[in-house]
Amino acid sequence: MSVLLTGGAGYIGSHTALELLREGYDVVIADSLINSSYEAVKRLEILTGKDIKFYQIDIRDGEKLDKVFEENDIDSVVHFAGLKAVGESSVKPLLYYETNIDATISLCYAMEKHNVKRIVFSSSATVYGVPDFSPIPEDARRYCSNPYGWTKYMIEQILRDEATARGDWSVILLRYFNPIGADASGMIGEDQSGIPNNLMPYITKVAVGTLPYLRVFGNDYNTVDGTGVRDYIHVSDLARGHIAALEYGKDFVGSEAFNLGTGKGTSVLQLVNAFMKVNNIDIPYKIVERRPGDIDEYYGDPSKANKVLNWYAKHDIEDMCRDSWNFQKNNPNGYKE
Ligand code: NAD
Ligand code: UD1
């Protein structure tokens, strides 16, 4: 029996593949490589000593996806595949709706056809929009502020409807907070091409010398030190959350959402200071204007995942800073030679 990972060559998918392989699961990866590299799959093979069944396909192509299900004994799916750049989604909304939603519908048809009934979906804390308060519970009001977020919102609904219609499916929606870090081996990590939008990839590019300094977007927010507060979670903890969800899904019928976060907020300057201290490296920064659309503070309430999935985030901010730098330092150009 294998777990199919759509988008399994990407940042979170590759870390989840690694944890699954380490725990003895068989995995099959289907990824178009539109935002990732086959090098990640090769490194997974080196790290685990196992051959990985890999299909370079766009999962919207139903015929090719069918072949993946025909050629493998798949019993569950973790669905990472999709486009994820928030800014780009506002410029190209149709591309985001088309890609993310069509991919999910194509996947559901294939699952129906091949009688696969368990799916874990990569949702996002972005579905909470501007939250009324933190820590945010799963039943908080949901509203999105960009097309990327709406695709997550809509896919959650599509999967819930599919669970209701089929009657015997298990649909687990995982709402990630801010994943950072990398596997402790330093072999796989977040490989962002171009200038990053997110904070940690920007910090590591400053650390490696690709970018001159970090721009801190505002220090007049209503937070501990005026800079934005987020719930950073180590990607390896997040990866283990998928295993907990897959195990839970074995005896569960219906649909259920879980926050995957630490429940703790960390400000931009707290993260920068932790990075400098743990890695003994200077990160020059300048305070600049607020980034439009940013909110002051949000962090999740992970108690439902703690209780129901028996999952806890183990790594702290120092681990996240050390492991993010470890990957960047070993791979200054990411997966490129
Ligand atoms: P990623 O871009 O590294 O991984 C996504 C993978 O999907 C890539 O390897 C890409 O090549 C592949 N892909 C995209 N469209 C495809 C298609 N139509 N067919 C086949 N493969 C396709 O992103 P990630 O950070 O690993 O995120 C994984 C999932 O988690 C995404 O759905 C993302 O929206 C969600 N998520 C990410 C974050 C984050 O901060 N990284 C936060 C919340 C949710
Ligand atoms: C972003 C996405 C969100 C997604 C989340 C996790 C936007 C508007 N939102 O949110 O949808 O779910 O990532 O992937 O892109 N910061 C700086 N300088 C930088 C970069 C960031 O000061 O160069 C600050 C931001 O103002 C924020 C914090 O760092 O306070 C975190 O930013 P970021 O990593 O982009 O994450 P989110 O804002 O949570």
Subject >> Y232 vs. criteria away from ligand 1 (no atom under 16 Å from the Cβ) and among the aromatic types (F, W, Y) >> reply: no
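Could we say that N306 is free of Cβ contacts under 8 Å to residues at least 24 places away in the same chain and more than 22 Å from D225 (Cβ to Cβ) here? Working first, answer last.
Numbers: free of Cβ contacts under 8 Å to residues at least 24 places away in the same chain: yes; more than 22 Å from D225 (Cβ to Cβ): yes.
In short, yes.
Residue check: is Y285 over 24 Å from A125 (Cα atoms), surrounded by fewer than 19 Cβ atoms within 10 Å (Cβ to Cβ) and among the aromatic types (F, W, Y)?
Working: over 24 Å from A125 (Cα atoms): yes; surrounded by fewer than 19 Cβ atoms within 10 Å (Cβ to Cβ): yes; among the aromatic types (F, W, Y): yes.
Yes.
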**OP:** Go through (1) modelled with pLDDT under 95; (2) within 14 Å of the chain's Cα centre (by Cα); (3) under 21 Å from P292 (Cβ atoms) and name the single condition D191 misses.
**Re:** (3)
Original post:
part of a helix (DSSP H, G or I), within 14 Å of ligand 1 (Cβ to nearest atom) and surrounded by 15 or more Cβ atoms within 10 Å (Cβ to Cβ): does that describe V41?
Top reply: yes
Subject >> Residue check for K336: out of contact with any strand residue (DSSP E or B) (no Cβ under 7 Å at 6 or more places or on another chain) and closer than 26 Å to M187 by Cβ >> reply: yes
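Select from the range 137-161 the residues that are basic (K, R) and part of a helix (DSSP H, G or I) and write down the one among them that is least open to solvent (accessible area, probe 1.4 Å).
Going through the range 137-161, the residues basic (K, R) turn out to be 141-142, 152, 160.
Add one more test, that the residue is part of a helix (DSSP H, G or I), and what stays is 152, 160.
On the way: K152: 16, R160: 61 Å².
My answer is K152.
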**OP:** For residues that are within 14 Å of ligand 1 (Cβ to nearest atom), open to solvent by less than 70 Å² (accessible area, probe 1.4 Å) and of a type outside the set (V, I, T), tally how many sit in the range 44-65.
**Re:** 7
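With the requirement that a residue be open to solvent by less than 30 Å² (accessible area, probe 1.4 Å) and among the acidic types (D, E), what does the range 162-178 give you? Let's see the steps before the verdict.
Step one: filter the range 162-178 for residues open to solvent by less than 30 Å² (accessible area, probe 1.4 Å), giving 162-163, 169-177.
Answer for the range 162-178, where residues must be open to solvent by less than 30 Å² (accessible area, probe 1.4 Å) and among the acidic types (D, E): just E162.
Hey, among the residues in the range 71-90 that are of a type in the set (G, A, S) and surrounded by fewer than 18 Cβ atoms within 10 Å (Cβ to Cβ), which one's farthest from ligand 1 (Cβ to nearest atom)?
Within the range 71-90, the first condition is being of a type in the set (G, A, S), and the residues that meet it are 76, 81-82, 85, 87, 89-90.
Restricting the remaining residues to those that are surrounded by fewer than 18 Cβ atoms within 10 Å (Cβ to Cβ) gives 85, 87, 90.
Numbers: A85: 9, G87: 13, S90: 15 Å.
So the residue we want is S90.
Each row is one residue, and each column tells you yes or no for (1) more than 16 Å from ligand 1 (Cβ to nearest atom); (2) aromatic (F, W, Y); (3) open to solvent by 40 Å² or more (accessible area, probe 1.4 Å); (4) assigned to a helix (DSSP H, G or I).
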site	(1), (2), (3), (4)
G189	no, no, no, no
S193	no, no, yes, no
I203	no, no, no, yes
V224	yes, no, yes, no
R240	no, no, yes, yes
A245	no, no, no, yes
G263	yes, no, no, no
Subject >> N259 being among the polar types (S, T, N, Q), open to solvent by 20 Å² or more (accessible area, probe 1.4 Å), farther than 12 Å from I203 by Cβ and at pLDDT 95 or above >> reply: no
**OP:** Might you let me know whether the range 39-57 holds any residue that is without any contact (Cβ under 8 Å) to a residue 12 or more places away in the chain and on the phi > 0 side of the Ramachandran plot?
**Re:** yes
Original post:
How many residues does the range 265-282 hold that are touching a residue at least 12 places away in the same chain (Cβ under 8 Å) and either open to solvent by less than 50 Å² (accessible area, probe 1.4 Å) or farther than 22 Å from G181 by Cα (or both)?
Top reply: 11
**OP:** Filter the range 131-184 down to residues that are in contact with a Cys (Cβ under 8 Å, 6 or more places away or on another chain) and away from ligand 2 (no atom under 16 Å from the Cβ) and give me whichever is nearest to H315 (Cα to Cα).
**Re:** L159
Subject >> Whichever residue in the range 21-38 is within 22 Å of E70 (Cα to Cα) and under 19 Å from the mean Cα position of the chain (by Cα) and, among such residues, is surrounded by the fewest Cβ atoms within 10 Å (Cβ to Cβ) >> reply: L33
Subject >> Scope the range 115-136; condition part of a helix (DSSP H, G or I) and open to solvent by less than 20 Å² (accessible area, probe 1.4 Å); matching residues >> reply: A125, V127, Y128
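The values are calculated or read from the model by the stated rules, or taken from the named source; none is laboratory data. For clarity, every value in this text was computed on a predicted model and none was experimentally measured. Neighbour counts run over all protein chains shown; Cβ positions are idealised from the backbone, glycine included. With ligands, DNA and RNA removed, areas are computed over all heavy atoms of the protein, side chains included. Shrake-Rupley method; radii C 1.70, N 1.55, O 1.52, S 1.80 Å.
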